[in-house]
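FYI, it's all coordinate maths here, none of it is from the lab. All values reported here derive from a predicted model rather than from experimental measurement. Here Cβ is always computed from backbone atoms with ideal geometry, including for glycine, and neighbour counts include all displayed protein chains.
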Amino acid sequence: VDIDCKVSSNNMRISHSGILMILGSYYPEISGGVTQSRSLIKMLKEKFKFMVLVTMRNTALPRRERVEGADVFRIPLRNGSRIDYFNAIFRFISFSLQYRNNIRIVHMHGFTIKSILFILIFKILHKKIILTMSSVGYDDPVTIRKRSFLLYQFYSSVDVYVGISPQFEKLYQKAALPIERFIHIPNGIDVERFCDVDGQRKKILKEQFGFPLGLKIILFVGHFSKEKCPDILIKTWKKYVADVYSDSGVVFIGVTDPGHPEVDSDVVDEVKKMAAPYLNERVFFIDSNHSFRHQIEKFYQVADIFVMPTLREGLPYVMLEAMSCELPVIVSKL
């Protein structure tokens, strides 16, 4: 509601307006941005008409479909070649022109190089733009200003900025951007879904997943990237924990496909090499093809401890979900 007021400050009619969500991925893929977007759409779909625009490397996903009341459009971006990128730019522009009359507000989740194109197009088309900042040290205003003067010029032209933690507000104030264009909206968790379970339920879940009943599970949830650091977890467990606590194990939940834009193939290779002696006995990988990937709460419920050795974050859903399931949580001090 506060965002509606800020965006409608120029007497723009909001009710039943079209909102375009721009993300790096969308359901059935999983990420914090996806979770946040789905929650917003679920809450506001009676008031707004939603469209979702994403790039995709998984060609098995449909280019257009309707998901939970929103029209989802996927633009292929396969191998990262120049031809591929020019193709994607052409499709972005074509999409923007084709649906310009259906869009009143553009909501970008995160700021990257491609955000320049979206801001340029939708400013020309006189659309209001909301930016949800995703990670401190990545797309907060101070970091963007240090990175590039040109990037910051486009960044600073956004109409409303959403920060998901107090740190974003501090950095926003430090950047001296207009304070009336900032709003703090923390991530929220469905506490009825993400909740603790008793010992009998944990036993049932371990049998369901094929985990040894006596295994004490350390849980990691995230992409296999240099920023998320799954390699640090497996190195630390193997060096300091595995031999001392023979009943301990690690469950990794996350995309390992090198074709994914946030996955680092070197990290995947290193983690799997170190895990090989323990594979499917004490170390388990749950990737995007696993039948239980959309029941993530069950993995928190079966785990004994949650570890997040990340290098950058905003207000991560995975940490909040683990806490909601009453897990002990070990995270990086950022």
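The mean sequence separation of alpha-carbon pairs under 8 Å and at least six residues apart, normalised by the residue count of the chain, gives a relative contact order of 15 percent. Think of the chain as a dipole: +1 on every Lys or Arg Cβ, -1 on every Asp or Glu Cβ, centred on the Cα centre; then among L151, N280, S246, L151 lies furthest on the positive end.
GNM on the chain, C-alpha springs below 10 Å: top fluctuator among N187, N101, N58? Highest fluctuation of the listed residues: N101. Using a Gaussian network model of the chain in which every pair of alpha carbons under 10 angstrom is joined by a spring, one finds that among V318, V197, V136 the greatest mean-square fluctuation is at V197. The value of relative contact order for the range 212-334, using C-alpha pairs under 8 Å at least six residues apart, is 32 percent. For the range 132-149, the Karplus equation 6.51 cos²θ - 1.76 cosθ + 1.60, evaluated at θ = phi - 60°, returns couplings of 8, 6, 9, 9, 5, x, 10, 10, 7, x, 5, 5, 5, 5, 5, 6, 6, 4 Hz by residue, with Gly and Pro reported as x. Computed from the Cβ-Cβ distance with R0 of 22 Å, the FRET efficiency linking V191 to E46 stands at 0.40.
Highest mean packing comes first when the peptides 151-158, 18-25 are listed by Cβ atoms within 10 Å, giving 18-25, 151-158.
Computed over the range 29-180, relative contact order equals 15 percent, with contacts defined as Cα pairs under 8 Å that lie 6+ residues apart.
Extent of the range 44-120 along its three principal axes (Cα atoms, max minus min coordinate, largest first): 40, 30, 24 Å. With the simple model of a label 7 Å out from the Cα in the direction of the Cβ, L213 to T112 spans 4.6 nm. What whole number of Å gives the distance from the Cα centroid of the range 234-294 to the Cα centroid of the range 86-138? If we compute the Cα centre of each part, the gap is 35 Å. Amide H contacts of F182: Y161, each under 5 Å away and 5 or more positions distant or on a separate chain (H built 1.01 Å from N in the peptide plane; Pro and chain starts excluded).
Calculate, for R100 and E227, the FRET efficiency according to 1/(1 + (r/R0)^6) with r their C-beta to C-beta distance and R0 51 Å; round to the nearest 0.05. Efficiency, rounded to the nearest 0.05: 0.90. Restricting the GluC sites (Glu not before Pro) of the range 156-223 to loop positions (DSSP other than H, G, I, E, B) with no more than 13 neighbouring Cβ atoms within 10 Å leaves E192.
Peptides 238-247, 48-57 ordered by packing proxy, namely the average of other Cβ atoms within 10 Å per residue, highest first: 48-57, 238-247. Which percentage, to the nearest 5, of the DSSP beta bridges contained in the chain is antiparallel? Around 10 percent antiparallel, to the nearest 5. Placing pseudo-labels 7 Å out from each Cα toward the beta carbon at R147 and F86 gives an inter-label distance of 2.6 nm.
Computed over the range 93-208, the convex hull of the alpha-carbon atoms projects to a mean area of 11.0 nm². With a Förster radius of 41 Å applied to the C-beta separation of S265 and Q200, the computed FRET efficiency comes to 0.50. The calculated 222 nm mean residue ellipticity attributable to helices in the chain amounts to -10000 deg cm²/dmol, summing -39500 (n - 2.57) over DSSP H runs of n ≥ 4 and dividing by all residues. The value for the range 2-184 of Rg(Cα) / (2.2 N^0.38 Å) is 1.00. Amide H contacts for H107 (H built 1.01 Å from N in the peptide plane; partners 5 or more residues away or on another chain; cut-off under 5 Å): L20, M21, I22, I130.
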